[in-house]
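Written below as structure tokens is the structure these notes are about.
The values are calculated or read from the model by the stated rules, or taken from the named source; none is laboratory data. Fair warning: this is a prediction, and the values are worked out from it, not measured in the lab. Note: ideal-geometry Cβ built from the backbone for every residue, glycine included; neighbour counts use all protein chains shown. The area values use the complete protein model at the heavy-atom level, side chains included, leaving out ligands, DNA and RNA. Shrake-Rupley method; radii C 1.70, N 1.55, O 1.52, S 1.80 Å.
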Amino acid sequence: MSSDGNKKQFWKRNAAKVPGSIQHVYGAQHPPFDPLLHANLIKAGNKPPPATPGKPKKATTFQEFESITSDAWDVGDDDDELLAMAAQNLNIEVVMETANKVIENHSKQQEKQRQDETSELDRREDDTQEEVVEDDEDNEEEEEEDRVEEGDATSPEVSFGSQSSPYTDGRLVKSHSEAPIGSPKDAAGERAALHRQRSLPHRPPVIPLVARMADQNTSGTPAMTEREASRLDKFKQLLAGPNTDLDELRKLSWSGIPRQVRPIAWKLLSGYLPANAERRESVLQRKRQEYFGFIQQYYDSRNDEHHQDTYRQIHIDIPRTNPLIPLFQQASVQEIFERILFIWAIRHPASGYVQGINDLVTPFFVVFVFEYIEEEVENFDVSSLQEEALRNIEADSFWCMSKLLDGIQDNYTFAQPGIQKKVKALEELVSRIDESVHRHMQQYEVEYLQFAFRWMNNLLMRELPLRCTIRLWDTYQAEPEGFSHFHLYVCAAFLVRWRKEILEERDFQGLMILLQNLPTMHWGNEEVSVLLAEAYRLKFAFADAPNHYKR
């Protein structure tokens with residue numbers, strides 16, 4: 001079958017199965033999305049020639065960076081220096097010098113951790129081996145008789161009892177299927193597991209899909225470290241002043257905002273609240289009243305003929321929003337989302353409602369719920385909140401989402417030109433930072449628009465757990481043009497993060513399935529911090545280069 005035939009068959013079979021498929025991103029006011037048509041539109045009709053696999057490039061900075069640091073933005077005293085750089089246009093030499101300090105500091109911490117873990121595993125393995133030897137001596141005779149009865153031709157020397165360690169000498173090890181039932185087999189299995197564990201790199205514990213939605217420091221988790229408590233105090237002192245220094249708040253927020261102060265910090269960073277503390281309460285009251293005035297004025301018109309398509313699409317999309325999190329399946333929460341999205345669509349006729357905008361409400365809603373509760377939010381029953389609190393959460397979510405969309409509205413106007421430009425810029429950026437990945441995509445005729453459209457349309461929300469999105473948005477709101485300009489570099493770092501998996505796929509279908517279902521379920525703050533660190537380096541390496549988008 002031809003390559004085009006393979007691609008058409010893939011889209012026919014898989015588009016409806018993949019959550020948030022790019023065939024479903026357009027709202028009621030836009031035609032269905034044809035990936036092949038739009039790919040041609042972007043490519044201006046020029047199909048890239050199949051690329052022959054060239055000589056593998058040296059590992060990219062992201063792999064090098066990731067292998068020796070677990071969190072470039074949480075490493076002690078170097079943190080303040082890096083954060084100060086985030087708001088300045090420094091040259092790349094200074095950036096790299098400071099980043100190298102971070103790497104060296106963090107490498108020492110990781111080496112100490114590995115040594116401690118190795119010592120512990122050695123101790124456990126020695127204890128296990130002693131138990132194996134004692135048990136095997138008791139059972140050696142019985143095992144030998146069983147082997148003779150079964151007609152086993154294996155030499156008597158090949159027995160568990162004759163080995164002190166099957167991994168350090170040259171003798172054969174009897175298979176588990178032949179081992180007698182009882183402690184020798186169990187102990188040997190544990191010993192093998194210990195051996196495998198020592199041969200694998202250290203990995204953090206797997207995080208459940210919807211657990212730990214906020215920071216690490218929530219109810220049921222360990223108490224804050226001294227450094228975390230110190231960071232929280234810095235935020236509180238800054239926010240307690242009569243006029244909050246927004247530049248200082250951005251520097252602090254770049255590396256993550258503690259859960260306790262995130263609601264007020266997000267409202268300030270988004271421009272929803274003024275820096276002057278005395279004016280905040282009056283502004284909140286006025287804006288909340290204004291929002292519910294829109295509800296009274298417009299919401300009944302959802303049944304009008306010319307608004308029915310918009311409202312119907314919103315009504316269909318709301319239950320699909322984070323379907324694995326019970327909070328968003330509550331009827332009262334879905335009604336709040338419907339009102340927010342409908343009012344926004346009515347007030348922004350140039351774009352109207354587009355699928356994907358529904359996702360952008362969820363981080364604000366969750367963060368502002370935390371303003372009123374201390375427990376985790378995934379299974380929280382919002383009906384237990386007072387009506388006034390729910391109204392405040394709804395209005396604040398509407399205004400902050402509106403502020404976000406004001407900066408990226410060309411992503412959602414007809415034909416979504418903002419997204420098309422960003423996807424093209426992503427393709428050209430990746431071709432410079434990792435030519436192997438770029439040529440591999442060309443070779444198998446994977447168009448960037450076919451997977452990165454969703455990355456731009458939903459700001460990576462379909463690719464990351466919600467807890468990671470909230471952490472990501474701390475930085476986006478602290479970074480100038482975070483949701484538009486900086487997001488491009490995050491997407492580039494995100495793509496190159498999977499270079500090994502990408503290069504292992506050898507056909508169009510395998511690549512598309514991988515890119516639309518990347519394994520980030522276990523990700524937490526650490527992985528997001530590393531991603532942001534590499535995006536930060538990419539930005540300073542390429543953003544001000546004269547030939548930024550030229551090869």
(request) Just add up the charged neighbours of Gln285: K/R +1, D/E -1, any other residue whose Cβ is under 13 Å from the Cβ of Gln285. (result) +2
(request) Once you have the Cα-Cα distance between Phe414 and Glu248, take 0.36 nm times their residue separation minus that, and quote the gain in nm to one decimal. (result) 56.0 nm
(message) Could you work out what % of the accessible surface of the stretch 367-476 is carbon and sulfur, using a 1.4 angstrom probe and leaving DNA, RNA and ligands out of the count?
(response) 42
(message) As an exercise, use a Förster radius of 30 Å and the Cβ-Cβ distance of Asp381 and Ala350 to find the FRET efficiency, rounded to the nearest 0.05.
(response) 0.20
(request) At 7 Å along the Cα-to-beta-carbon direction for both Ser332 and Gln296, put a label point, then send me their distance in nm to one decimal. (result) 2.3
(request) List the equivalent ellipsoid semi-axes of the stretch 417-543 in whole Å, largest first, each obtained as the square root of 5λ for an eigenvalue λ of the Cα gyration tensor. (result) 22, 17, 14
(request) Relative to the compact-globule scaling 2.2 N^0.38 Å, provide the ratio for the alpha-carbon radius of gyration of the stretch 257-307. (result) 1.59
(message) Could you derive backbone 3J(HN,Hα) for the stretch 530-535 from the dihedral phi with the Karplus parameters 6.51, -1.76 and 1.60 (θ = phi - 60°), listing whole Hz in sequence and x where the residue is Gly or Pro?
(response) 5, 4, 5, 4, 5, 4
(request) For every other residue with a beta carbon closer than 12 angstrom to the beta carbon of Ser332, add +1 if it is Lys or Arg and -1 if Asp or Glu, then tell me the sum. (result) -3
(request) Assuming R0 = 25 Å, can you tell me the calculated FRET efficiency for the pair Ala389 and Leu324, based on Cβ-Cβ distance, to the nearest 0.05? (result) 0.50
(message) In whole Å, what are the extents of the stretch 278-407 along the principal axes defined by its C-alpha atoms, from largest to smallest?
(response) 42, 40, 28
(request) Determine the alpha carbon to alpha carbon distance for each of Lys424/Lys539; Lys424/Lys500; Lys267/Lys424; Lys287/Lys422; Lys403/Lys539 and list only those over 28 Å. (result) Lys267/Lys424; Lys287/Lys422
(message) Give me the 1.4 Å probe accessible area per residue for the stretch 417-543, excluding ligands and nucleic acids, in Å².
(response) 25
(message) For the stretch 278-407, what does the relative contact order come out to in percent, with C-alpha contacts under 8 Å and a separation of six or more?
(response) 28
(message) Report the Cα-based extents of the stretch 371-491 along its three principal axes, largest first, to the nearest Å.
(response) 57, 28, 24
(message) For the stretch 278-407, what does the accessible surface come to per residue with a 1.4 Å probe? Please give it in Å².
(response) 45
(message) As an exercise, identify the GluC sites (Glu not before Pro) in the stretch 338-427 lying in DSSP coil whose Cβ has no more than 13 other Cβ atoms within 10 Å.
(response) Glu374, Glu375
